[in-house]
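**Student:** Below is a structure I'd like to ask you about.
The values are calculated or read from the model by the stated rules, or taken from the named source; none is laboratory data. Predicted model only: the values in this text are computed from it and were never measured. Reconstructed Cβ throughout: ideal geometry from the backbone, glycine too, with neighbour counts over all protein chains shown.
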């Protein structure tokens, strides 16, 4: 049955009034294309009653945050009498902004002429703000990646230029402080005598920090970062406070392996400048600086004119020489060391006997992969093949050389030399971190001789095969050349796992190369 026109119109109007989206109708034949109808959803969405909206162009919802390009696109669609959809930042009656997805389409009569425009308006604020937040996050990540790449590249370049450490660190803090997110940067290095961190370089601060120090036993962010070897983010210390910066302080340890060379402190320009991602950037900078410092110190360890000699006493049985001396109930002395072809370290130690049975190698000692007995007599020589990352390995990484070792009554006394610039704190901290009952007995600085035993030995070992090196060291340290012999050729051959004839072939070849190096 046909529906009367009046009822049909009433149903349509009710449907439009109760629709969940805003619906508007405008009359383009009137000046400025005003609104002639708005539904209830439009009123709820905008806060404007129908009588406040009717007779006005819908642009009254626009404001200072409305995108003019989106408005122009909407006008072009209306002018062309074509459907158009845009997202506009509109404003409710109380001034609150919201995102409005506006779709406008022409209504035509039977002749195809445009008589009205119908508009559909949907509040998409949540969706739009989520999109904008995601876009902003992506932009921040892009900027962060660019800053990471730029900062790390610049720091690496500065470190590769090979200038002295003070000049390099000064250039680094200036580069860090020039980064947009950071207001100032400071590098402090440890002072062993004063048990403090002292200023090495600083940039971006209002005044000089030359006399600024940090107590290493304190609870400041810088001290905590140094002691715990982790990045610390906290409120800005008084000494680092800046009028132009309201952010936090990030304290980054400059760490390589077990060595802590200092702390990099950075002040953020605002509260958001030092988020977790920024800390990752700064941690990478700290590690890059530490790697370069370690490499430079290792190189200088071979060429430095001034050396620091440190004597330590360690009463901890987890130190492998102490464990061996306790197992053998004897005094233990270092007789020499060498490096195998595979890069492994080998020490020759003597077990000095009194009234005791022949010492035998223990089944297992931490830090030692194998123990080989070489000869007998009053002093029994053993070759120790050290495990990777042993304490001797860690000392070498810091440019340090183990010069002497004597173990008696459960205490090891060892002498270590390092470049004077390195100082003793790095070595002391390495030992204290790994062992209990560590005491620094003496600290002396001395001038390195122009020609070193180490350099000569390294040149010789470059010419020796591993078997030749082992035969020569075993013979010398076992007393093979003493009168009477401390060990026989048969004993040394057995220790190497070769025949007596093969042992002597290796030994004679090594002796020829040694004489050529001395007399050639």
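**Student:** Is it true that residue 314 is buried (at least 21 other Cβ atoms within 10 Å of the Cβ) and modelled with pLDDT of 85 or more?
**Tutor:** Yes; evaluated as a whole, the condition is true for this residue.
So that you can scan it fast, the table gives a plain yes or no per residue for (1) exposed (fewer than 11 other Cβ atoms within 10 Å of the Cβ); (2) touching a strand residue (DSSP E or B) at 6+ places or on another chain (Cβ under 9 Å); (3) assigned to a loop (DSSP other than H, G, I, E, B):
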{"site": "63", "(1), (2), (3)": "no, yes, yes"}
{"site": "74", "(1), (2), (3)": "no, yes, no"}
{"site": "77", "(1), (2), (3)": "no, yes, no"}
{"site": "81", "(1), (2), (3)": "no, yes, yes"}
{"site": "85", "(1), (2), (3)": "no, yes, no"}
{"site": "117", "(1), (2), (3)": "no, yes, no"}
{"site": "122", "(1), (2), (3)": "no, yes, no"}
{"site": "131", "(1), (2), (3)": "no, no, no"}
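**Student:** Testing residue 487 on (1) without any contact (Cβ under 8 Å) to a residue 60 or more places away in the chain; (2) surrounded by 16 or more Cβ atoms within 10 Å (Cβ to Cβ); (3) outside any helix (DSSP H, G or I), one condition comes back false. Which one is that?
**Tutor:** All conditions pass for residue 487, except number (1).
**Student:** Also, quick follow-up: Tell me which of these residue 171 doesn't satisfy, since it passes every other one: (1) in a helix (DSSP H, G or I); (2) out of contact with any strand residue (DSSP E or B) (no Cβ under 6 Å at 6 or more places or on another chain); (3) closer than 20 Å to residue 287 by Cβ; (4) at pLDDT below 80.
**Tutor:** Tallying (1) in a helix (DSSP H, G or I); (2) out of contact with any strand residue (DSSP E or B) (no Cβ under 6 Å at 6 or more places or on another chain); (3) closer than 20 Å to residue 287 by Cβ; (4) at pLDDT below 80, residue 171 fails exactly one: (4).
**Student:** Right, something else. Restricting to the range 20-33, name every residue that is in a loop (DSSP other than H, G, I, E, B) and more than 60 Å from the chain's Cα centre (by Cα).
**Tutor:** The answer is 27, 28, 29, 30, 31, 32, 33.
**Student:** Scan the range 34-45 and give yes if some residue there is exposed (fewer than 15 other Cβ atoms within 10 Å of the Cβ) and assigned to a loop (DSSP other than H, G, I, E, B), otherwise no.
**Tutor:** no
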